[in-house]
Amino acid sequence: MDAKNRGAGGNMNTVSKNIPELIDVLLVLIRAGHSPGAAMSQLHNWAPDEFQPPLLRVHTELLAGRRFADSMKGFRDTLGPCVYPICDILVSADRDGLPITSVLDQLSFHAHHERRRLREIEARELPVRLLFPLVCCILPSFVLLAMVPLLVNSLTVVSTRLP
């Protein structure tokens, strides 16, 4: 996996699984009256661990006076496509001054729905994943414990009857 598709501290899969929590915390900060820039600057305090390094970098960049759009571009490049909608919404809200709570509500709903769909797919794949241990571990042990004693007993009976 190249650096662009990796999360700050984990892989892309872990980052995308935690996007709903990130959106929910961001939504709470926006509803509390923070601007998009202030919300992103405070987000590192409550975000999931996978987002900590890039969010701390955004925080320090904003404190140093870097433009919000440039900080969000770096955040977006670090975490990849899973945060593109969040970054685009925040940059346009910061630029235009429009309220974004309804958009973030919809984004949160869709992120939670997508995560639930992916977990249902994983649950459907579980029997296939468990087939290998069943065939390689449990079935041979059944043969050893149930069939081998019967076979040994049968052979001893047959061997005693032979002259």
As an exercise, take the mean of 1/r over every pair of distinct alpha carbons in region 68-163, invert it, and state the Kirkwood radius in angstroms. 19.3 Å
Selected from Leu131, Leu43, Leu90 as most flexible by GNM, with the chain as the system and alpha-carbon contacts under 10 Å: Leu131
With axes computed from alpha carbons, what is the tilt in degrees of helix 84-96 against the longest principal axis of the chain, rounded to the nearest 10 within 0 to 90? 10 degrees
Once the Cα atoms of helix 101-133 and of the chain are each reduced to a long axis, what angle between those two axes, in degrees from 0 to 90 to the nearest 10, is obtained? 10 degrees
Relative contact order of the chain, pairs being alpha-carbon contacts under 8 Å that are 6 or more residues apart, as %: 24 percent
Separation between Cα centres of region 14-30 and region 98-120, rounded to whole Å: 9 Å
Equivalent ellipsoid, the chain (semi-axes from 5 times Cα gyration tensor eigenvalues, Å): 58, 16, 11
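Here, each number is a calculation from the coordinates, and none is a lab measurement. From a predicted model like this one, the values you see are computed outputs, not experimental measurements.
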